[in-house]
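Okay, so here's the structure we're looking at.
The values are calculated or read from the model by the stated rules, or taken from the named source; none is laboratory data. Since we're looking at a predicted model, the values are computed, not measured. Neighbour counts are summed over all protein chains in view; Cβ atoms, including those assigned to glycine, are modelled from backbone coordinates with ideal geometry. Ligands, DNA and RNA are excluded from the accessible area calculation, which covers all protein heavy atoms including side chains. Shrake-Rupley method; radii C 1.70, N 1.55, O 1.52, S 1.80 Å.
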Amino acid sequence: MAHISGYGGSTSINVGATAMTSTGIREWSLDYTRDTIESTDFADAGVRTYILGPSGWAGSFNGFKDGLNTTLVLATATCFLTLNESAVAGQAWSGNVYVTGIHPAAAVDGIVNYSYDFQGTGALTVTTA
């Protein structure tokens, strides 16, 4: 199987009808999880059993300060986020999110960097080429 380089990855975020630029973003990560609910009863002879519960997703992205308008993103209820894995069209994860945190950082010998946290709400769309 061929490996895919992440250098062509990207993020895009829309706040309502406004597409925000995401220049300077260098990295993103996504956690897509599903809860389990314990369903053990007396008939299970002391061995725990589970059923699947709801799924959810959250993550973060970070990069240089010249990426997004932080005031507009935090002031809006939901945004539509797309995380592209690579430059290959159709390898993306997307859905509605709440931006839950912005973490600026500066160092005397570095570039001002921002990290953004998000919480997905509703379905996560996964597109694979």
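Ranking Thr78, Thr128, Thr21 by solvent-accessible area of protein heavy atoms (1.4 Å probe, all protein chains present), from largest to smallest, gives Thr128, Thr21, Thr78.
Summing +1 for each Lys or Arg and -1 for each Asp or Glu among the other residues whose beta-carbon sits under 15 angstrom from that of Val47 gives -2. Just the protein heavy atoms count here, and of the accessible area of the stretch 1-54 at 1.4 Å, carbon and sulfur take up 54 percent.
Translational diffusion of the stretch 11-108 was estimated from the Stokes-Einstein equation, with Rh taken as the Kirkwood radius over Cα pairs; at 10 °C and 1.306 mPa s the coefficient is 98 µm²/s. Phe80 contributes about 90 Å² of solvent-accessible surface, heavy atoms of the protein only, 1.4 Å probe.
For Leu74, the accessible area of its heavy atoms, probed at 1.4 Å with every protein chain present, is near 100 square angstrom. With a Förster radius of 41 Å, plug the Cβ-Cβ distance of Thr49 and Gln119 into 1/(1 + (r/R0)^6) and report the FRET value to the nearest 0.05. That pair, Thr49 with Gln119, gives E of 0.85. The label-point distance for Leu74 and Ser12, in a model that sets each label 7 Å from Cα toward Cβ, rounds to 2.7 nm. Average accessible surface for the stretch 7-62: 69 Å² per residue, computed with a 1.4 Å probe over protein heavy atoms with every protein chain in place.
Remark: the chain carries a charge dipole of roughly 320 debye about the Cα centre, counting +1 on each Lys and Arg Cβ and -1 on each Asp and Glu Cβ. The candidates Tyr116, Tyr50, arranged from most to least accessible area with a 1.4 Å probe in the full protein assembly, appear as Tyr50, Tyr116. Placing Thr125, Thr11 in order of accessible area, with the largest value first and a 1.4 Å probe, yields Thr125, Thr11.
Estimated purely from DSSP H runs of n ≥ 4, each contributing -39500 (n - 2.57), the mean residue ellipticity at 222 nm for the chain is -1000 deg cm²/dmol once divided by its residues.
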